[in-house]
Amino acid sequence: MMRRGPAFRPLASRGRRAVVAILVMFALFSAISVILSTRATARSKNRATVVQVAARQRTLAERYVNDVLLALRGAPANPRYTAALLRKSSQALLNGGEAPAVNGDDDETHLSPVSDRLTRRQLVQQGRLVADLIASGNALLHGTALDRDRLTAGEKIDAANGVEQLRIVASLTENVSLNAARTIASRTDHNISNLMSLQIVLGIGGLLVALLLGGALVAATRRQTAHFRSLVTASTDLVLVFGRGGCGYVSASVATMVGRAEKDLLGLGYADFVHEDDRSVLETVRANGEPHEFVFRMSNRFAEWRHLEAHVTDLRGDRRIRGIVVNSRDITERVRLEEELTHRAFHDELTGLANRALFRDRLDHALARSARSQDPVAVLLTDIDWFKQVNDTLGHEAGDQLLREISRRIQRALRPSDTVARLGGDEFVILLEGTSEQEATELASRVLQRLRSEPVEIGGRDLVVGASIGMIVHPGGAGESEELMRRADVAMYAAKDAGRGRVETFRADMMRDASDLLGMEHDLRRGLEQGEVTVHYQPSYDIASHTIVGVEALVRWRSPTRGSVPPDRFVPVAEAAGLIHELGEFVLREAARQTVRWIDDDLVGPDFVTWVNLSAVQLSDRRITDTVYRILHSVGLETRRLGFEVTETAIVVEGSPAEQARAVLLDLHDRGLAIALDDFGTGFSSLEHLRRFPIDVIKIDRSFIQGIEHDPKDVAIAANLVSLAHALRLAVIAEGIETEGQLAQLAELGCDLGQGYLLARPAPASAVSALLAAQRTPASTTA
């Protein structure tokens, strides 16, 4: 047996050294491989986590938009908390740290700072867009203007309103998050490819180590791929990939939503679940990869149409995809909220009818069609009679209930093609197209008949609803909506002036009258300021003793341009313009002051009463009692020295006693002021008024006094009225006495007091003072 000689020892030694060198080299290569693999795996894991958190950012952005819309609607939502999560998550993505949990099935995630320049730049942009999104939401929530100069993506925002602007900024935020995720994924794939190349090179140096390291790499790659697949599978986004043969891939979320297996949706099977109006858009996307963003509807497993917002990415040039990727998310709730907000913007919240803005838009379109077709257009402006009194008496809830019932009745009286809107308060307007003046008049009459057809039960009371309608018929051709509305308004006020509860068609002279009334309003305001308005007094005589026992204060206006304007002309203007309260206070204060002067001058007796007229508008204001008491207190006049005259029409609302007027009169009467019912016998339900209202005096209307000398019917009516008043322990004043025969007949009937031109005409205070001084006798002071 040959022994190993010295010559072999160096070889063996070299072999051992070579083996050791190889083993060292293998170990070194393995160590290097392990280190590189570990670092690459750590980077890939961190990038995968960044992708996961970036995906959460998209969920948070969508949640924040929904929270803002819910908060605008008044629903319980906390957009401020969602905004805090967005900021914290964005900061963690950029600088590392703990990213907050979003859903109940995830935890806070630790992130390392991003070192890649491209990714970091995208995350910085994402952070700025998050700030823009929150700023846009805050501006929308607080109803303030957004400072566009401070927005990072300001040049991209071109919205017409706050909600659209919020959607645009949210979409930009989500797109940047998606791009960042794609960049990270691309970097990860690139690193994985480099790492595999390194393993092949190292495998040349040592097969065993290469295989071991390759196995470890494959395992890490599989785990990473599984992680990405889990993210895609668990995502609520719906992903479809279109290739040459139709749909080549659908995510599990799509199959879950439609309730069908994935294989049933491949090819062209997806089209069965897309709304037929949206299929052409999807076909365009499948063929051209455009548009890049669109909204389509897809039916879910409950046969409900869901609105999906889609983002399109053309990856036909990517050999790994070779298709067009459509990434969608469900925005149905947001669409519904936007539709509701839009509906509320153009419809009356109380009645559900079109509001002023929508009606004006429809009227403009109707006039545009009329300009082309020469078809007539009619506008009917409807105002509910006595609605303010109902509102003040029974409360706003009862008024709202009445308005809803009125809107239903008006709708039932119209044709399907007609438009009705509520302009606000108790004003409704009707638009008729292609309708002649006769047809429009018939329809307006039908509306009035429907409103009066049966009483409306409100607050336990039956109210008969009346309305005044002003109508304008545009014959066809070009027209202006503003002019039509103005003319309909003039016609409506003409209907009110004519007695309410009627239809008036606009005439040219109405506009002149309206212009004159507007000028009269201006002149009356100036007249009150410049002392053009004065108070005259008409004495009331005791018929038996022929002495003055009171006066009626009558307002007079002498304008430098209009001359002497009668009260029946300017008092209605004052009521319509809201001047009646100021005018009434002026008359009351002047009458009270003058009465104090007569008392101080010892010209009147202890039972002397000054009467002041109260209108229906004044009675509708409960503050009138405080105003009266304040004025009397300021001038030092006892309440028993003052009385108020009210007409029957002032205390009646559509045939039912006005509780508001009754409450005011009771309050005045309880404070010691006398109440007289003027024009008694000319209205309706007069006996009911005497029973329910605190009346001290009734004034027989002049229409019954004129024929009392020769007409037995007038004599009988006057006699019965005097007897009725005395039976109720009320005093009686006869108005309009102009002849000695009338005065003698009233004395024979036992009438207490008289007033008329025969006795004394209305005169300034100085003239009445002369009359009082002339009759100053011991007998008159006890009258």
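Points to keep in mind about this one:
- The residues of the stretch 499-514 that are at pLDDT below 85, of a type in the set (A, V, I, L, M) and open to solvent by less than 50 Å² (accessible area, probe 1.4 Å), listed by number, are Met510, Ala514.
- Residue identified as part of a loop (DSSP other than H, G, I, E, B), surrounded by fewer than 15 Cβ atoms within 10 Å (Cβ to Cβ) and modelled with pLDDT of 80 or more among Glu290, Glu349: Glu349
- Tabulated pairs, the stretch 624-646, first on the phi < 0 side of the Ramachandran plot, second surrounded by fewer than 19 Cβ atoms within 10 Å (Cβ to Cβ) and among the small types (Gly, Ala, Ser), C-beta under 6 angstrom, 6+ apart or interchain: Thr639/Gly672; Arg640/Gly672
- Scanning the stretch 365-395 for residues that are in contact with a strand residue (DSSP E or B) (Cβ under 8 Å, 6 or more places away or on another chain) and charged (D, E, K, R) returns Arg369, Asp375, Asp383, Asp385.
- Tally of residues being basic (Lys, Arg) and either in contact with a strand residue (DSSP E or B) (Cβ under 6 Å, 6 or more places away or on another chain) or touching a residue at least 60 places away in the same chain (Cβ under 8 Å) (or both) across the stretch 448-472: 1
- Qualifying residue in the stretch 329-341 (condition: closer than 22 Å to Glu262 by Cβ and either open to solvent by 20 Å² or more (accessible area, probe 1.4 Å) or not in a loop (DSSP other than H, G, I, E, B) (or both)): yes
- Of the residues Leu423, Leu431, the single one that is in contact with an Asp or Glu (Cβ under 8 Å, 6 or more places away or on another chain) and in contact (Cβ under 8 Å) with a residue 40 or more places away in the chain is Leu431.
- When the criteria are applied in full, Glu442 fails the requirement of being acidic (Asp, Glu), modelled with pLDDT under 85 and farther than 23 Å from Ala357 by Cα.
- First in the stretch 755-775 and in contact (Cβ under 8 Å) with a residue 24 or more places away in the chain, second anywhere and assigned to a loop (DSSP other than H, G, I, E, B) and among the charged types (D, E, K, R), Cβ under 9 Å, 6 or more apart: Gln755/Glu735; Gly756/Glu735; Gly756/Glu738; Ser769/Asp601; Leu772/Asp601; Ala773/Asp601
- All strands (runs of 3 or more DSSP E) inside the stretch 360-478 with 1 or more residues being crowded, with 17+ Cβ neighbours inside 10 Å and more than 27 Å from the chain's Cα centre (by Cα): 377-384, 427-433, 461-463, 467-474
- Residue count, the stretch 618-645 (criterion: modelled with pLDDT of 80 or more and open to solvent by 10 Å² or more (accessible area, probe 1.4 Å)): 16
- Any hit, the stretch 255-269, residues being modelled with pLDDT of 75 or more, open to solvent by less than 60 Å² (accessible area, probe 1.4 Å), of a type outside the set (Val, Ile, Thr) and part of a strand (DSSP E or B): yes
- Lone unmet requirement of (1) farther than 30 Å from Val102 by Cα; (2) modelled with pLDDT under 75 for Asp237: (1)
- Test: Glu648 is crowded, with 19+ Cβ neighbours inside 10 Å, under 50 Å from the mean Cα position of the chain (by Cα), closer than 30 Å to Lys388 by Cβ and modelled with pLDDT under 95: yes
- Applying the criterion of being without any contact (Cβ under 8 Å) to a residue 60 or more places away in the chain and open to solvent by 20 Å² or more (accessible area, probe 1.4 Å) to the residues of the stretch 598-614, the residue that is nearest to Val549 (Cα to Cα) is Ile599.
- Residues of the stretch 517-548 that are out of contact with any helix residue (DSSP H, G or I) (no Cβ under 8 Å at 6 or more places or on another chain) and within 14 Å of Leu758 (Cα to Cα): Gln538, Ser540, Tyr541, Asp542, His546.
Residues checked against (1) modelled with pLDDT of 75 or more; (2) of a type in the set (A, V, I, L, M, F, W, C); (3) open to solvent by 50 Å² or more (accessible area, probe 1.4 Å):
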| position | (1), (2), (3) |
| --- | --- |
| Val34 | no, yes, yes |
| Asn46 | no, no, no |
| Thr59 | yes, no, yes |
| Asn78 | yes, no, yes |
| Pro100 | yes, no, no |
| Ser115 | no, no, yes |
| Thr119 | no, no, no |
| Gly137 | yes, no, no |
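The values are calculated or read from the model by the stated rules, or taken from the named source; none is laboratory data. Remember, it's a predicted structure, so these values are computed and weren't measured experimentally. Here Cβ is always computed from backbone atoms with ideal geometry, including for glycine, and neighbour counts include all displayed protein chains. For accessibility, only protein heavy atoms count, side chains too; no ligands or nucleic acids. Shrake-Rupley method; radii C 1.70, N 1.55, O 1.52, S 1.80 Å.
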